[in-house]
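What follows is calculated from the coordinates using simple rules that are stated; it is not laboratory data. Values in this document were obtained by computation on a predicted structure and should not be read as measured data. Positions of Cβ are generated from backbone atoms using ideal geometry, with glycine treated the same way; all protein chains shown enter the neighbour counts.
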Amino acid sequence: MGFVKVIKNKAYFKRYQVKFRRRQEVKTDYYARKCLVIQDKNKYNTPKYRIFRVSNRDIICQIVYARIEGNMIVCAAYAHELPKYGVKVGLTSYAAQPKFPSMGKWINTWQHIYTMPL
């Protein structure tokens, strides 16, 4: 097949659909977000609560559920808070990850979630 000139004329721009604003700003990866918040079909209308994010500088563990209006964050714990609880390992290491549930605010939050009316 030969070379085809790309023509971006009026017909092209009439049919062009812009991406979501947060996608244009490169703030949200919607495929990854969908994988994080989507719930199994057999658990109908039950929110998915846990999200665990690992970045280069910090680990963020959140109790989040998705709504049409946006994500609702119930509670969040960060790795930079771990030294307050006596953890002396690196903040982004695998050794720091199991320490999150032992933080005091998580116990109270989980009790609140299980008693929270939907």
Fill in the blank from the handout: Here, helices (runs of 4 or more DSSP H) confined to the range 8-80 with at least 3 residues that are exposed (fewer than 10 other Cβ atoms within 10 Å of the Cβ) are 10-15, 30-37
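Out of Asp58, Asp29, report the one residue that is in contact (Cβ under 8 Å) with a residue 24 or more places away in the chain and charged (D, E, K, R).
On the way: Asp29 fails: in contact (Cβ under 8 Å) with a residue 24 or more places away in the chain.
Only one candidate qualifies: Asp58.
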